[in-house]
Amino acid sequence: MSLGALTSDARGQSLVGFKAGAAMADVRGEVTGDHSPRVDFTASFFVQLGPREGFSVQLEAAFTERGTVEQDLDDGLSTTYDEGSWEYRYWDLAVLPKFTVGSGPVRGAVYAGPYLGTLFTAKLLTNEGDLGIRGSTKPIDLGGIVGISMEAPRGLLIDLRYSTGFGEFDGALFDRVYRRKHSVIVATIGKAWS
């Protein structure tokens with residue numbers, strides 16, 4: 001087998017991998033008080049279909065925490081709190097068309113595509129206790145992702161992305177006072193295998 005054939009085989013291999021890191025989550029839209037990001041955990045498994053260089057598609061399954069920290073927040077029942085943290089946990093599935101450049105030990109990539117999030121838990125954390133709010137949160141969060149990544153030797157990965165919801169996530173009760181969409185910046189490191 002020639003060296004050219006070996007190179008061609010390597011370029012055509014699919015990848016599988018794992019990533020974990022931090023998600024800086026916030027919201028866009030109408031809120032009742034000042035809000036600031038909250039930093040949470042995220043982790044994902046992925047399969048990259050297609051060559052390691054050029055165009056490919058990355059399929060991803062992730063656990064992601066979203067939300068925000070808000071001052072003077074309203075629980076939708078005319079109760080206000082000085083400060084609270086909105087905590088939403090989702091299982092996400094993403095389809096990310098990806099373009100990779102570089103043929104040496106370090107490759108860079110850009111990608112963008114949709115995600116579908118299924119709500120796992122939802123809580124309002126206040127100094128007076130925690131409130132379960134899953135029933136007042138829409139169960140599906142459909143949105144988009146755009147990001148960049150770098151693959152280093154031995155399959156080490158660094159990934160930075162921004163995701164945002166296309167629609168408002170507040171359901172019955174909270175939709176009286178809020179019109180919010182998720183907005184998340186995610187930074188992860190990981191490992192890929194061919």
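The values are calculated or read from the model by the stated rules, or taken from the named source; none is laboratory data. Just so it is clear, the model here is predicted, and its values are computed rather than measured. Don't worry about glycine lacking a Cβ; one is built from the backbone with ideal geometry, like all the others, and counts go over all protein chains shown. What goes into the accessible areas is simple: the full protein's heavy atoms, side chains included, and nothing from ligands, DNA or RNA. Shrake-Rupley method; radii C 1.70, N 1.55, O 1.52, S 1.80 Å.
Residues in segment 57-70 that are crowded, with 20+ Cβ neighbours inside 10 Å and closer than 17 Å to ALA192 by Cβ: GLN58, GLU60, ALA62. The number of residues in segment 111-130 that are surrounded by fewer than 18 Cβ atoms within 10 Å (Cβ to Cβ) and among the aliphatic types (A, V, I, L, M) comes to 3. Applying the condition of being in contact with a Phe, Trp or Tyr (Cβ under 6 Å, 6 or more places away or on another chain) and modelled with pLDDT under 95 to segment 71-110 and asking which residue is surrounded by the fewest Cβ atoms within 10 Å (Cβ to Cβ) yields GLY76. Per the listing ALA109, ALA122, the residue uniquely under 28 Å from GLY50 (Cβ atoms) and out of contact with any His (no Cβ under 6 Å at 6 or more places or on another chain) is ALA109. Show me the strands (runs of 3 or more DSSP E) entirely contained within segment 131-194 in which 2 or more residues are open to solvent by less than 80 Å² (accessible area, probe 1.4 Å) and in contact with a helix residue (DSSP H, G or I) (Cβ under 7 Å, 6 or more places away or on another chain). Those strands (runs of 3 or more DSSP E) span 179-193. Pull up segment 25-49, narrow it to residues that are free of Cβ contacts under 8 Å to residues at least 40 places away in the same chain and farther than 30 Å from ASP170 by Cα, then point me to the one that is surrounded by the most Cβ atoms within 10 Å (Cβ to Cβ). This residue is VAL47. Taken together, LEU96, LEU116, LEU125 contain a single residue that is part of a strand (DSSP E or B), hydrophobic (A, V, I, L, M, F, W, C) and under 20 Å from LYS191 (Cα atoms), which is LEU96.
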